[in-house]
Structures are given as C-alpha cells and as structure tokens.
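The values are calculated or read from the model by the stated rules, or taken from the named source; none is laboratory data. Please read these numbers as outputs of a predicted model, since none were measured by experiment. Counting neighbours? That spans all protein chains shown, and the Cβs are built from the backbone with ideal geometry, glycine included. In case anyone asks, the SASA skips ligands and DNA or RNA and just uses the protein heavy atoms, side chains included. Shrake-Rupley method; radii C 1.70, N 1.55, O 1.52, S 1.80 Å.
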Amino acid sequence: MSWLEGNYPKWVLNNRLLIIFFSLLFVVLAASGGRLISFTTNYRVFFSEDNPQLLAFEALENTYVKNDNVLFVLAPEDGNVFSREMLSVVEELTEKAWQIPYSNRVDSITNFQHTEAEEDDLIVRDLVTNSSSLSNEELEKTKEIAINEPLLIHRLISERGHVTGINVTVQMPRLDEATETPEVVSFARKLADEIRATHPEIKIYITGMVMMNNSFAESSKNDMASIVPLSFAVMLLLLALFVGGFTGTFATLLVIMFSILSGMGLGAYFGMPLSPPSATAPTIILTIAIANCVHILVTFMHEMRQGMSKNDALAESLRLNLQPVFLASFTTTIGFLTLNFSDVPPFGHLGNFVSIGIFFSFVLSVTLLPAIISLLPVRVKQKKEDGSLFMAKLADFVVAKRTPIFWSMTGLILLLISALPRNELNDVFVHYFDETIDFRTDSDFTTDNLTGLYNIEYSLEASEEGGINNPEFLQEIEDFANWYRQQPETLHVNVYTDIIKRLNKNMHADDNSYYAIPDDRNLAAQYLLLYEMSLPYGLDLNNQINIDKSATRMTATLKTISSNNLIDLEKRAQEWLSKNSQHIAQADGSGTSIMFANIGKRNISSMLLGTTVALILISLVLVFALRSVKIGLVSLVPNLVPAAMGFGLWGIMVGEIGLSLSVVASMSLGIVVDDTVHFLSKYLRARREKGLNSEDAVRYAFKTVGKALVVTSVVLVVGFYILSTSSFELNAGMGLLTAIVIAFALFADFLLLPSILMKIEGSTNEENFDTSNTIKSTV
C-alpha cells in the first residue's frame, strides 16, 4: 500500500487527460441504462417470492378472484345519499365504472342484487332503478333496506346514510403494470372529475388497492423531483461554505452527477425497478460522494495554504487519503450490500443502486477529481492557520479530560441503551404515505366515514365437494362471522351466510323468523342454485364461492390498526376456531393487511443476520487494513455504539419501529465506519511514521482530519435529514434515524475513541502492540 500511495498520485497527474476521457466514456456507457429505469406500481414488490403470507394470499386469489379494486366514495353536501339526485349520480357512475380498463365487477347500492318473494317466485333485482322517478315512500324503503342489509352497511353505505361507495374490481393481466395501473387510475380520476364538474355539491374520494399501488410510483417520482434537486442545492452550498473555491466545487459536482448517473444506469441494466425506498438512492449516493471528495479537498486546500504548489498538494492529499477513502467506500459498500439480506426486495434494490454509486464515487474522487483540479486554476491564501485552531483546542481538551469524558460518554451510552426496550415493532401501512398524497387523505376519510382498507380474508373449507351447503358447516361460519362482528377492530364482515339466510327468508314469504341457516342441506343447495341462475353477468358469486362449492370466502374489514393489533386479532380468531369449529377444515387468515403486518418482523429477523455479516466483514477489513487486531477490535466500539444510541433515543422520542427502520443498523454501520477509518488512519500514521505517543497522535489526528470529519458528518446528517421530508414514511423515518446515528458517530469518534486509544496505548512513543496482535502488511 505504501508503494501505491507514493506512485499513484504521480500516475494520476501524468495521465490526467486520459483519465478524464476514460472517465467520461465509462460514465456514458453506464448511464445509458437510465433509459431502462421503471417505476413499480405494485405493493407486492415489498414481498419476496417465497414470502409465506404472499403465497397464502395468492392461493386465495387463485381459488376465487383477485381483489385489486378502485373504491369511489361519494359524500353529498346535504348528508343524504337517498335523494333522487344523489341516487341518479350513483347509478350514472356505476354504469360508467364498467368502462374502467380491466374492470370485471362493479358493486354499489344501486346495483345491489336485492331479493324478495313474490308469491312462489324469487325476485332478484337491482335495489335502485330509475331513481329520478322514485317516490318519497320508495326512497325511504330503499334507505331502510340498504342500511339494514349486512352486505351493504359499513361497506357501501354508511350507518347514517351520508356517504356511499362504488367498488370496482379490476383484473389486470399484469403484463406491464407500469402502464396498466396508471391507465386504470387515470380513467378513474377522469370519471371522478366528470362527476365533480356536473355535481359540485358532491365530494368524491378515490381509494382502494389500485390507488395504493399507483401511490408508490407517484411518491417515488415526487421524491426524485423534489428531494434530489434540494439535496444538490444544499450539498453544494455546504461544500462551498466549508471547503470554498469554484474549482473544487465544480469538480465535486461532476463526481456527484457521474456517480448518480452510473449507479442508477447500471442498476437499471440489472433489471432493478424504482420503488419509494430505492428512489432515495440518488440522494444517498450524492451524500456519500461528497463525503469522499471532501476528505481529498480539505487536505488539498490545507497543504496549499501551507505553501505547497497545486500539484504537490494534490499528490500529498492523494497519498494521505487514498487508503482511508478506499476503506471508507469499501466498508460503506459492505453495509449497503447487506441490505440484500432484507426480506423486502426494494431495500435490496436500494443497497445495490447505492453500492454501485459508491464504487463510482470512489473511483472518480481519486481519478477524475484530482485530474480536473490539476487543469483548472485554484486560488488560496497562504496562511499557517486555516481553522485548525479549534481542532487543536478540542484535541487538548480531549487529551486533558480523557477520563471524565470516557465515563461521561459511557454513562450517556448506557442511558440511551436502557431505552432500547421502549421501541415496539409496529406498522400502519396506510400511513406509509403522508397527507400530501391523495391516497392517504382519501383513505382516511373513507375509514372515518364508510369502511376500511384493512382486512383479513379467509378461505373457509369444508371437507367435501358441495360442503358449503352443509347446515352445520354454514352455522360454524355464521358463528365465526358473528364473533368477528363483536370485535372492536371490525367494521364489516362479508360472508356467504348473509346471502343464504336472506334467501331462506325470501323462500318463506319474507317471514323474518326464517332469517336463519336452512336446516336441510338440499334446500340450501337449491336456494344457491336458484339465486346464481338469477344473477346478472359480472355480479355472480365467484368472488365468494369456489368452483366445486367446497369452500367460501369470508372477509373481515377492519379499522386502521397497527400491525401488532392486527396480528393479535388474527391470533384470537385462530384460537376461537380451534375451540369452536369442527367442520371448517382450514381457515388461515391472509390478505394484504396480514402481509404488511408480518413483513416488519420478518425483515428484522433477516436484517439481524445481515447486520452480523456486515459487522464481521467490516471488522476483518479494518483489522487487515490497519494491521492491528487490537485497533481493529477497538474500532468496533465507535462503530456499534452510534446505532445503539440512535435506537435508544428513538425509543424515547417515538417508541415505534416500522419496516424501514429495520435496515438502519446495517446501512448506517457502513457509513459510520468512515469517520472511524479516517481518524484511526491518521492516528496510526502519527504513531508509525512520526513516532508520536498516543496523546500527540490524537492531537495529530484532530489537526489533520478533524475538520474533514466535521464537514463530512454535517453533509451526511443534512443529506439524510432531507430524506426525512419524503412523502413516503418509510423513507422519512429511515432518513431521520440515520441522521441521528451519524451525529452520534461523530461524538463517539471525537470523544469516546480517543479516550479508549489513550487508555489502552499509554504514553510511550512506540506503537504499543504485541507481535501477536499485529498483522504485517504484505502490500
């Protein structure tokens, strides 16, 4: 390495034109993949192919039909859905909704298949037709039927009758979801705008799974359109403020742009889509690329202020920083690559995008950056003190107060670590989006006034073909549905027994005493056959009953609840089934809500392994690179402590850890190592090359790299804090906690690490390593 450090700077300066040419060539080739970048519009991207909850949900959809939907929610200003004008609008929108691309079913209060007896005949008809001609009595009767119908109340009509919904089920072929989902959303919004234009007195909200899918892409695009430019502006301002000089700022800007273009372009070549988590990659690449450049620029400017020529200062800066910048980039790459252990593919994509960008940022910062600076004019004022006075005073303070600093930091660390148990794993997937996203506000209104987006679905299986007609099986389903209705989390239960009970009543002259499960299996089968033959196209029971009539689907719609509450509810349901069912063969809960509720816990388990692997690999790298087992082990302290402190403070401030925060430990580990690497490399250089004792070596490290560590830490904190402004909560939480961890890392490297080094190294002028603890360099 020493040979490389001595000869590499000369090679760069002698071949700067070739370096610029080939840098541009490689960047153009890599960036050309940008044309292949696509935004995913499917929430399923958050689940790996072998995710058990996803597999269970897909099995349920294959048995019945897919439940991707668009839900129009209509709220008239007068608070009365059952007026002629309002019902006419519902009829109109119900009819037009069939034109939505890929739609295969439309349900509303107007086309609800109401049944009633007429002598010996069963009449099946739309609940509302020609609403403009209905009398007051007919309107009142319609309202009474609707708000007392279990299949409608808290699903398509509110209890007060002030809000109604039109649910459109879509069956997209999923050949090109990047165009299919926006196509559906665009058409739905167009329909809503048409109604708003002709009926301004009606407020229309649009929600549903298709709208949520589309919101993932919209959130990604919004972040890239707002956060990335903001990051560029803020970072360049910080660079100009802390480093100064047009040439260095311009060269750094090129490194940033080229690193982002290369990382995103090559990632697209590898087929990785952009989702809200991976859409943060440009901001993270930008932040880390600046950090690499800052170390080279700060040393370069320092040497020029001390009287060196431009090229000599560049050569010295490269000599001093080549190894630590490489180690910092390498360990950061390890941290981000371990995101591939995540059970959530978008985090793996984020890790890969950023890792590619970090690779290019390192290569460009030690090639293109010095090459450009060597060709452009650089003006600095020569002076002996360039801001290092503060660092010198800080170093003297740390050296003099090492013992109280050590115990104070230890106490603070233990205090924050004690708050770790306050963190509770919890997620509310609807709240992944903030109030600037229409889907969030529309969904909140829908949950407050009509129905919920959360649900648990069951395929309740009998043990035989045609088993759903077994009265005992039906009664168990009815009991299970009634149990769910009694739970405080439940808004609505959609179950086949409500249909069969109504049919039994109809076939007994609408006698309410017969609103119950038929006692005879053959009678139940006949009712079902008669009803199915009377249903119009598109409103059949395929969404509730399987082909051989051996299973039926039950859906419990819930309030917006946390993942823990959802998992607890499903656990209670399984306990009820185990105690009370004898004829239901299988009844595992599934659905989108169950999938999101479990993904956080699964991801934490997988990321524990990823963090462990990152820790082991980074530790080995540092041991070999620093040529000391002892120093390598010491470096673990300032590398591990910041994450523990950050999560402890999070436990005090927030107390909930969601899906995104489960990757922060692994991701931040690679980042916080940077400061440790740079500080230790300067410390060891002072011990080995200059023969300084541990106290003076600490002072040397503060003097030579202290300012750069402050600048890079500020850049990293600000960069990740900007992510906290994201409209996507996963990114916002991840950015804020990572910024906190990086801030703690600077304190650990400035206060805790020097105290430990001086404590274990003593005050001798020779490096205090046993031969058994030293790894000789082979480079």
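Structure notes:
- Residues that are among the acidic types (Asp, Glu) and not in a strand (DSSP E or B), drawn from the stretch 420-435: Asp427, Asp434, Glu435
- For the stretch 73-103, filtered to residues that are part of a helix (DSSP H, G or I) and open to solvent by 20 Å² or more (accessible area, probe 1.4 Å), the residue that is farthest from Phe439 (Cα to Cα) is Arg84.
- Selection from the stretch 147-168 of residues that are outside any loop (DSSP other than H, G, I, E, B) and either at pLDDT below 95 or surrounded by fewer than 22 Cβ atoms within 10 Å (Cβ to Cβ) (or both): Ile147, Ile153, Asn167
- Picking from residues in the stretch 15-72 that are part of a helix (DSSP H, G or I) and of a type in the set (Ser, Thr, Tyr), the one that is most open to solvent (accessible area, probe 1.4 Å) is Thr63.
- If you go through the stretch 509-537 and pick out every residue that is touching a residue at least 24 places away in the same chain (Cβ under 8 Å) and under 19 Å from Val124 (Cβ atoms), you end up with 12.
- When we screen Asp548, Asp540 for residues that are of a type outside the set (Val, Ile, Thr) and without any contact (Cβ under 8 Å) to a residue 12 or more places away in the chain, the only hit is Asp540.
- Taken over the stretch 513-537, the residue count meeting the criterion of being under 49 Å from the mean Cα position of the chain (by Cα) and assigned to a helix (DSSP H, G or I) is 10.
- Filtering the stretch 295-336 to residues that are surrounded by fewer than 22 Cβ atoms within 10 Å (Cβ to Cβ), without any contact (Cβ under 8 Å) to a residue 60 or more places away in the chain and closer than 30 Å to Phe270 by Cβ leaves only Phe326.
- Of all residues in the stretch 604-663, those that are farther than 21 Å from Phe728 by Cβ, open to solvent by less than 10 Å² (accessible area, probe 1.4 Å) and of a type outside the set (Gly, Ala, Ser) total 8.
- In the stretch 1-13, the residues that are open to solvent by less than 40 Å² (accessible area, probe 1.4 Å) reach residues that are modelled with pLDDT of 60 or more with C-beta atoms within less than 6 angstrom, at least six apart or across chains, in these pairs: Glu5/Arg319; Glu5/Leu322; Pro9/Ala315; Pro9/Leu318; Pro9/Arg319; Val12/Pro370; Leu13/Asn311; Leu13/Ser374.
- Some residue of the stretch 34-49 being closer than 30 Å to Glu457 by Cβ and of a type in the set (D, E, K, R): yes
- Scanning the stretch 269-290 for residues that are assigned to a helix (DSSP H, G or I) and open to solvent by 10 Å² or more (accessible area, probe 1.4 Å) yields a count of 1.
- The stretch 197-231, residues that are in a helix (DSSP H, G or I) and open to solvent by 50 Å² or more (accessible area, probe 1.4 Å): Ala197, Thr198, Glu218, Lys221, Asn222, Met224, Ala225, Ser226, Pro229, Leu230
- Some residue of the stretch 684-696 being without any contact (Cβ under 8 Å) to a residue 12 or more places away in the chain, in a loop (DSSP other than H, G, I, E, B), of a type in the set (D, E, K, R) and open to solvent by 10 Å² or more (accessible area, probe 1.4 Å): yes
- Scanning the stretch 436-470 for residues that are within 19 Å of Glu729 (Cβ to Cβ), part of a loop (DSSP other than H, G, I, E, B) and either open to solvent by 20 Å² or more (accessible area, probe 1.4 Å) or free of Cβ contacts under 8 Å to residues at least 60 places away in the same chain (or both) yields one hit, Thr436.
- Counted as qualifying within the stretch 577-662 are the helices (runs of 4 or more DSSP H) with 2 or more residues that are among the aromatic types (Phe, Trp, Tyr) and over 19 Å from Gly351 (Cα atoms), namely 592-626, 636-653.
- For Gly387, the criteria (1) modelled with pLDDT under 90; (2) open to solvent by less than 10 Å² (accessible area, probe 1.4 Å) hold in every case but one, which is (2).
- The listed residues are Arg44, Arg35, and the only one of them that is over 20 Å from Val106 (Cα atoms), basic (Lys, Arg) and more than 22 Å from the chain's Cα centre (by Cα) turns out to be Arg35.
- For the stretch 104-140, the set of residues classified as among the small types (Gly, Ala, Ser), surrounded by fewer than 20 Cβ atoms within 10 Å (Cβ to Cβ) and either outside any helix (DSSP H, G or I) or in contact with a Ser or Thr (Cβ under 7 Å, 6 or more places away or on another chain) (or both) consists of Ala117, Ser132, Ser135, listed by residue number.
- In the stretch 557-576, of all residues being part of a loop (DSSP other than H, G, I, E, B) and among the polar types (S, T, N, Q), the one that is surrounded by the fewest Cβ atoms within 10 Å (Cβ to Cβ) corresponds to Ser562.
- The residue that is modelled with the highest pLDDT, among those in the stretch 539-556 that are in a strand (DSSP E or B) and of a type in the set (Gly, Ala, Ser), is Ala556.
- Test result for Pro404, closer than 30 Å to Leu757 by Cβ and open to solvent by 40 Å² or more (accessible area, probe 1.4 Å): yes
- Selected residue (criterion: modelled with the lowest pLDDT) from residues of the stretch 331-362 that are among the hydroxyl-bearing types (Ser, Thr, Tyr) and closer than 24 Å to Phe596 by Cα: Ser342
- Residue match in the stretch 759-770 (condition: modelled with pLDDT of 90 or more and either open to solvent by less than 40 Å² (accessible area, probe 1.4 Å) or part of a loop (DSSP other than H, G, I, E, B) (or both)): no
- Among the residues listed as Val380, Val363, the single one being hydrophobic (A, V, I, L, M, F, W, C), part of a loop (DSSP other than H, G, I, E, B) and open to solvent by 10 Å² or more (accessible area, probe 1.4 Å): Val380
- Scanning the stretch 241-256 for residues that are open to solvent by less than 50 Å² (accessible area, probe 1.4 Å) and either touching a helix residue (DSSP H, G or I) at 6+ places or on another chain (Cβ under 6 Å) or within 28 Å of Leu274 (Cα to Cα) (or both) yields a total of 10.
- Complete set of residues in the stretch 471-487 that are farther than 13 Å from Gln582 by Cα, of a type in the set (A, V, I, L, M, F, W, C) and crowded, with 21+ Cβ neighbours inside 10 Å: Ala481
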